[in-house]
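See below for the structure under consideration.
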Amino acid sequence: MTENQQPYDDLLLPNNMIRLYARGAFPMAEPTGEINWYLPEIRTIIPLDNYNVPRSLRKFMESADFEYRYDTSVMEVVRQCANRPSTWISERLIEAYEGLYQSGFLHSVEVWRENKLVGGLYGVTYKGAFFGESMFTAVSQASKCALVKLIERLNERGFVLLDVQYENEHLKMFGTVQINYEEFNNLLARAYKRNVVF
């Protein structure tokens, strides 16, 4: 279902954005430039208490010369995620994410090699929920490694929910589960009882 389609600039103010995210909605820019908010009936999550990391990926991470950082180049991660031939992350949406970042709600997991950003992901947090938005990779396996580090960090910090919106082959290997809107709302309620920090 599509959420509010009123003057979308108002909806992109940080306070309005986080209210919509807290309800489970997320934004996507259309080819026309219009930004709509979506609230799917079926949602995909990675259960933080029952996820999977492929054995081959664990082995790769043991020898990879990656350095992992958090929140050191958040907006650069967003721009790298948008840097593809077809993207839902428009310039206006990037500006809106900047507002969320300045307000403390936007976070990144970054993969660095030889002091160069080579992969990462970003998402929005609200209390004990992390709403994953997008990831990118410039070298093999970097985005998958970022996702492993995200899951580990969310568990360390006491988060309840890792929302990844839609299922795809890249995410399925981590043990994604599709749940209905009622189940998703129940998880949101549990997550909002946690006052945790990314």
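The values are calculated or read from the model by the stated rules, or taken from the named source; none is laboratory data. As the structure is a computational prediction, the values presented were derived from the model and not from experiment. Using ideal geometry, Cβ is built from the backbone for each residue, glycine included, and neighbour counts are taken over all protein chains shown. Just so you know, the surface numbers come from the protein's heavy atoms only, side chains and all, with ligands and any DNA or RNA stripped out. Shrake-Rupley method; radii C 1.70, N 1.55, O 1.52, S 1.80 Å.
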Quiz item: If you check every pair at least six apart or on different chains, which have Cβ atoms under 9 Å apart with a residue in segment 149-172 that is closer than 16 Å to Lys193 by Cβ first and a residue that is open to solvent by less than 10 Å² (accessible area, probe 1.4 Å) and part of a helix (DSSP H, G or I) second?
Solution: Phe159/Ala191; Val160/Leu154; Val160/Leu188; Val160/Ala191; Leu161/Leu154; Leu161/Phe184; Leu161/Leu188; Leu161/Ala191
Practice problem: Could you please let me know if Leu106 is of a type outside the set (Gly, Ala, Ser) and under 13 Å from Val77 (Cα atoms)? | Solution: yes
Exercise. Give the number of residues within segment 74-107 that are under 15 Å from Thr125 (Cβ atoms) and of a type in the set (Ser, Thr, Tyr).
Key: 3
Exercise. Read through the list (1) out of contact with any strand residue (DSSP E or B) (no Cβ under 9 Å at 6 or more places or on another chain); (2) farther than 25 Å from Asp49 by Cα, then give the number of the only condition that Glu98 fails.
Key: (1)
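How many of the residues in segment 141-171 are closer than 18 Å to Ser56 by Cβ, at pLDDT 95 or above and open to solvent by 40 Å² or more (accessible area, probe 1.4 Å)? Walk me through it before giving the result.
Taking segment 141-171 as the starting set, the residues that turn out to be closer than 18 Å to Ser56 by Cβ are 141-149, 151-152, 169-171.
This time we only want the ones that are at pLDDT 95 or above, so: 141-149, 151-152.
If we keep only those that are open to solvent by 40 Å² or more (accessible area, probe 1.4 Å) too, we end up with 141, 144, 149, 152.
Number satisfying all stated conditions: 4.
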Quiz prompt | Among the residues listed as Leu121, Leu187, Leu117, the single one being open to solvent by 10 Å² or more (accessible area, probe 1.4 Å), at pLDDT 95 or above, closer than 25 Å to Leu11 by Cα and of a type in the set (A, V, I, L, M) | solution = Leu187
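Across segment 108-127, what is the number of residues that are farther than 21 Å from Tyr38 by Cα and not hydrophobic (A, V, I, L, M, F, W, C)? Can you show your working first?
First, the residues of segment 108-127 that are farther than 21 Å from Tyr38 by Cα: 108-120.
Applying the additional criterion that residues be not hydrophobic (A, V, I, L, M, F, W, C) yields 108, 110, 113-116, 119-120.
Total satisfying the criteria: 8.
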Quiz item: With respect to the numbered conditions (1) open to solvent by 20 Å² or more (accessible area, probe 1.4 Å); (2) polar (S, T, N, Q); (3) in contact (Cβ under 8 Å) with a residue 12 or more places away in the chain, which one is the sole condition not fulfilled by Ser86?
Solution: (3)
Quiz item: Inside segment 172-184, can you point out the residues that are surrounded by 19 or more Cβ atoms within 10 Å (Cβ to Cβ) and of a type outside the set (S, T, N, Q)?
Solution: Phe174, Phe184
